[in-house]
Amino acid sequence: MADILPGLRGLQPCPLCKTAYVIDNMRVVEEDCGAQLVHMTCGQCQNSVLAFIVDPGLGVGAVGMLTDLSESDVLRLRDSSGLDENAVIDFAQMIRKRQKEFIYHFMKD
Ligand SMILES: [Zn+2]
């Protein structure tokens, strides 16, 4: 599954500090039908990119985006159905009801 990683050395460097990615900081987090989802962390600035890699046999194509998700976050959330409107409203109401507690816990770290 990780055989594609050596071929990714030629990809664009970190978009923030322009440091080249190293294989040790790349992980294939999902693979399906010749396409891979790769999480890459910059060894210099520690920012991460989630890249969708496709190799149709004529060369590697990639689309990436900056993310604050760690590799474990991606694995945990990849099958999540996401938030719906009710979950957002419930969360907003919970914060409103327990505002002092929320601020205390948010500020203590
Ligand atoms: Zn960087």
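Taking R0 as 25 Å, what's the FRET efficiency between Leu77 and Ala35 from their Cβ-Cβ distance, rounded to 0.05? Please list the in-between numbers first.
Working: r = 19 Å, r/R0 = 0.74.
According to the calculation, E is roughly 0.85.
If you line up the long axis of helix 85-97 against the longest principal axis of the chain, both from Cα atoms, how many degrees apart are they, to the nearest 10?
With rounding to tens, the tilt is 50 degrees.
For Lys108, go through the lysines and keep the ones whose alpha-carbon is under 30 Å away, minus same-chain ones fewer than eight residues off.
Hits, sequence-local ones excluded: Lys97, Lys100.
In whole Å, how far is the Cα centre of segment 49-79 from that of segment 20-37?
7 Å
How much length would be gained if the chain were fully extended between Asp90 and Phe106, taking 0.36 nm per residue of separation minus their Cα-Cα distance, in nm to one decimal? Before the final figure, lay out each step's value.
Working: separation 16, 0.36 × 16 = 5.76 nm, distance 1.82 nm.
Separation in residues times 0.36 nm, less the Cα-Cα distance, equals 3.9 nm.
Give me the angle, in degrees from 0 to 90, between the Cα long axis of helix 99-108 and the longest principal axis of the Cα atoms of the chain, rounded to the nearest 10.
That helix lies at roughly 50 degrees to the long axis.
Multiply the residue separation of Leu66 and Val54 by 0.36 nm, subtract the distance between their alpha-carbon atoms, and state the gained length in nm to one decimal. Working shown, then result.
Values: separation 12, 0.36 × 12 = 4.32 nm, distance 1.81 nm.
Additional length available on full extension: 2.5 nm.
A short reminder: the numbers here are calculations on the coordinates, not readings from a lab. Every value quoted in this text rests on a predicted model; they were computed, and no experiment measured them. Neighbour counts run over all protein chains shown; Cβ positions are idealised from the backbone, glycine included.
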